[in-house]
Amino acid sequence: MAMSATNQLLPLELIDKCIGSKIWVIMKSEREFTGTLLGFDDYVNMVLEDVTEYENTPEGRKTTKLDKILLNGNNITMLIPGGEGPEN
Amino acid sequence: MQSQERSPTEFLNNVIGRPVLVKLNSGVDYRGILSCLDGYMNIALEQTEEWVNGQLKNKYGDAFIRGNNGIKSIL
């Protein structure tokens, strides 16, 4: 049975609820980010703070700490609210 | 404490004139002073350094990066 319109949560509304909290971003390539979401726009470009970047290579996982970033939304595949990242 | 840099647009307006790191999809990184950028995420940098695999490869006084190179992040 179809949910009523008031109960529906649109994808962008879900991301909007995540502003100010931790989020886990998985890219098309072998790359992931975790950080605090400060904001995003219609393209789902995101501004993240206290970021950890995970680069998965055949030699293992490389992590980089970044202070504050603008992440291009073009290559994002998945967003996980409250995500603690690939290490847990 | 209120952050002044909420949305991507506000963030970019705040970051113009500051030192930035631009990471492309190819893995090449560019460090420089952000002079300006547009809606395609074309980027103009000053005092640019080109880093590949953690090694400094080149220096440019002024550099233009076309937005289609898959700019991944700026900080």
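When the range A:51-88 is filtered for residues that are within 13 Å of another protein chain (Cβ to nearest Cβ) and either surrounded by fewer than 13 Cβ atoms within 10 Å (Cβ to Cβ) or not in a strand (DSSP E or B) (or both), the ones remaining, listed by number, are A:Thr57, A:Glu59, A:Lys62, A:Thr64, A:Lys65, A:Asp67, A:Asn72, A:Gly73, A:Asn74, A:Asn75. Inside the range B:13-29, residues that are modelled with pLDDT of 85 or more and closer than 21 Å to A:Ile76 by Cα make up a count of 6. Of all residues in the range A:26-50, those satisfying the criterion of being farther than 23 Å from B:Gly54 by Cβ, part of a strand (DSSP E or B) and among the β-branched types (Val, Ile, Thr) are A:Ile26, A:Thr36, A:Val47.
Going by what's in this entry, would A:Ile19 be described as part of a loop (DSSP other than H, G, I, E, B) and under 25 Å from B:Thr9 (Cα atoms)?
So A:Ile19 fits the description; yes.
The strands (runs of 3 or more DSSP E) falling completely within the range B:9-71 that include 3 or more residues that are more than 13 Å from every other protein chain (Cβ to nearest Cβ), touching a strand residue (DSSP E or B) at 6+ places or on another chain (Cβ under 6 Å) and among the acidic types (Asp, Glu) map to B:43-52. Candidates in the range A:1-34 are the residues that are at pLDDT 90 or above and among the β-branched types (Val, Ile, Thr); of these, the one that is nearest to A:Glu53 (Cα to Cα) is A:Thr34. Could you go through the range A:9-31 and let me know if any residue there is more than 13 Å from chain B (Cβ to nearest Cβ), free of Cβ contacts under 8 Å to residues at least 12 places away in the same chain and closer than 23 Å to B:Lys23 by Cβ. No, the range A:9-31 has no match at all.
The values are calculated or read from the model by the stated rules, or taken from the named source; none is laboratory data. Only a predicted model underlies this, so the values are computations on that prediction, with no experimental measurement involved. Cβ sites come from the backbone with ideal geometry, for glycine too, and all protein chains shown count toward neighbours.
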